Amino acid sequence: MLLTTEVLFHFQRCRRRAFLDFCGDTNQRDPEPEFLLKLQKDSWAHRQATVAEMTHIKPDCPPGDWAAGASATLELMRRGVERIYMGVLAASGPEGFTLVSCPDLLVKQPGESGFGDWLYVPADIKLGRRPKLDYQIIAAFHAFLLESVQGGSPPTAALLLRDKRTYWVNLAQRLPQMHKLVRECAEMLRRRTEPEVFISRHPCSLCHWLSSCTSLATATKHLSLLPGVTQSRYEKLRGLNLTSVEALAGAEPAVLEPMPEFAGGVARQVVRQAQAALQNRAQALIETAPNAGSFPTAPVELYFDIEAEPELDLVFLHGVLAIDRHAKTQTFHPLLAKQPSDEGAIWQQFLDLVWAHPDAPVFHFCDYEVQTVKQLAKRYRTPAHLWLPLLSRFVDVHEWVTRTAVLPVDSYALKSIARWLGFQWRAGAANGGHCVVWYDQWLETGNPFFLDAILSYNEDDCRATHLVKDWLASFLSGNRGEG
Ligand code: SF4
């Protein structure tokens, strides 16, 4: 039985993921999310570009044959080559497992090892800018196996981060943490102890077991489906035997409030969330609802949603839905950069459009649009009078919903709320990640199908924001409570 880098990586993020990958029913796996495939592709390209700048040798072995890879890597280390790319390390582990790791690079350094007066240190090449803890644990895993293979401890392990910065992992700190995880993981896998499901946006949104886990969580009305119930709060609720929606809905917030996890009004929030789920109806937050009268409604309203490509640091679409209540018209304006060089032009088109309706509030969902407008203004040195007054016209519908109502939804994301109100996206289960993938595919192929997919997805986001805003305005004025 193998315990690989990949298994250990997933075990850190979700124990259930490691378990299902090891012995779950593969028929229940979803296809890999498109956005994840794009991230993997970008990451691979970055790794290739990084090693292209340095001399290196790859072990000569058939793909997927870890034993042949380990033996070819050992041979290269014995020869003392300077850098080994995609080497394989293997050693015996706990519970009868063989531990296998594949550091991106093994770099030769002066030192003592079974080979002579040199040894190797492991280095992983990361697309990210931060030395995340799970990367460091994996680096410690490489270092541990390397010690066993070369007969000498590597003094450190490196993470080569995106901005060409090298982060040196503190092995004295990370090795004990890594050993504990390896032991726990091996024991779980050998005993086949299935971890409880727990749905959370991260890491579930990029997991191929999401449909299967969501079905289980829904069937069992798992508390992780309630917004605000995080893993650490769930552990506390379990300690109080509050593990069902019914039990939590009937709990006194005062019982939870002394625990730091439920401080600052969280206790009331999660109990109310359970009550809303149990009754399947919205509740107004009476302490904040009096402000509802200031929720803007205007003859002309704009609904705004941005699509961007983070890898290219590019905003490629400003979608604006103009609602004219008097004329009873709804016009969608897709301001699209067909090429990255069009970003400045569509920014100008956006400014022209919003200033053509100088009194219209600009509704959006979450803070991203506001932050992006500020960034674009800076990037294109836009005069302050063209963008600064806009900020006071922006209205964050998400902020209004969460401040004034409790809804029977599994999250306060636009998709969950609008679907609860009956809205359907034409693109089914697509999300913002799909738009990024579609835009990359458009740039690669020139196929207009991908642009059409982006525009209809973005228009639906704007229309969904409009629906949620209208529902909230009506709810706050009449406090109706149904979806
Ligand atoms: S969907 Fe979530 S809970 Fe299920 S295995 Fe994946 S990460 Fe874990």
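Would you give the gap between the C-alpha center of region 345-373 and the C-alpha center of region 422-483, rounded to a whole Å?
17 Å
How big is the antiparallel share of DSSP beta bridges in the chain, given as a percent to the nearest 5?
75 percent
Give a quick list of trypsin sites (Lys or Arg not before Pro) in region 373-481 that DSSP marks as loop, anything other than H, G, I, E or B, with at most 14 other Cβ atoms within 10 Å. Please report the intermediate quantities before stating the final value.
Numbers: sites: Lys374, Lys378, Arg379, Arg381, Arg393, Arg403, Lys415, Arg419, Arg426, Arg463, Lys469, Arg480; in loops: Arg381, Arg393, Arg426, Arg480.
Passing both the DSSP loop test and the Cβ count: Arg381, Arg426, Arg480.
Report, in deg cm²/dmol and to the nearest 500, the calculated mean residue ellipticity at 222 nm for the chain, where each DSSP H run with n ≥ 4 adds -39500 (n - 2.57) and the sum is divided by the residue count.
Working: 19 runs with 230 residues, N = 483.
Helices in the chain give a 222 nm mean residue ellipticity of -15000 deg cm²/dmol.
Want the number for Glu187 to Thr218: 0.36 nm per residue separation, take away the alpha-carbon distance, what's left?
Full-extension gain reported as 8.3 nm.
Which lysines does Lys164 reach when only Cα atoms under 27 Å apart count, and residues fewer than 8 places away in its own chain are ignored?
Lys38, Lys41, Lys58, Lys108, Lys126, Lys132, Lys378
Using unit Cβ charges (K, R positive; D, E negative) and no other charged atoms, how large, in debye to the nearest 20, is the dipole of region 97-231 about its Cα centre?
Approximately 480 debye in magnitude.
Give me the number: length gained by fully extending Cys23 to Ala254, i.e. 0.36 nm times residue separation minus the C-alpha to C-alpha distance, one decimal in nm.
In short, 78.9 nm is gained.
Towards the positive end of the charge dipole of region 221-279, with charges on Cβ (+1 Lys, Arg; -1 Asp, Glu), say which of Ala251, Pro227, Ala263 has the farthest Cα.
The listed residue farthest towards the positive side: Pro227.
If I model a spin label as a point 7 Å beyond the Cα along the Cα-Cβ vector, how far apart are those points for Phe9 and Asn447 in nm?
Going by the 7 Å Cα→Cβ label model, 2.8 nm.
State, to one decimal in nm, how far the label point of Lys58 lies from the label point of Arg403, with both points 7 Å from Cα in the Cβ direction.
About 5.5 nm, to one decimal.
So, with +1 on the Cβ of K and R and -1 on the Cβ of D and E, and no other charges, what is the size of the charge dipole of region 221-279 about its Cα centre, to the nearest 20 debye?
It works out to roughly 120 debye.
For Ser148, put the label point 7 Å out on the Cα→Cβ axis and report which residues of region 54-90 keep their amide N under 12 Å from it.
89-90
With r defined as the distance between the Cβ atoms of Thr297 and Arg419 and R0 fixed at 30 Å, what FRET efficiency is calculated, to the nearest 0.05?
Numbers: r = 24 Å, r/R0 = 0.79.
After rounding to 0.05, the efficiency reads 0.80.
Once you charge only the Cβ atoms, +1 for Lys and Arg and -1 for Asp and Glu, what is the size of the charge dipole of the chain about its Cα centre, to the nearest 20 debye?
760 debye
Positive end of the dipole of the chain, charges at C-beta (+1 Lys, Arg; -1 Asp, Glu), about the Cα centre: which of Ile137, Gln371, Pro62 has its Cα farthest in that direction?
The residue sitting most towards the positive pole is Ile137.
Taken together, the values in this text are just the output of simple stated rules run on the coordinates, not laboratory data. Quick caveat: nothing in here was measured; it's all calculated off a predicted structure. Using ideal geometry, Cβ is built from the backbone for each residue, glycine included, and neighbour counts are taken over all protein chains shown.
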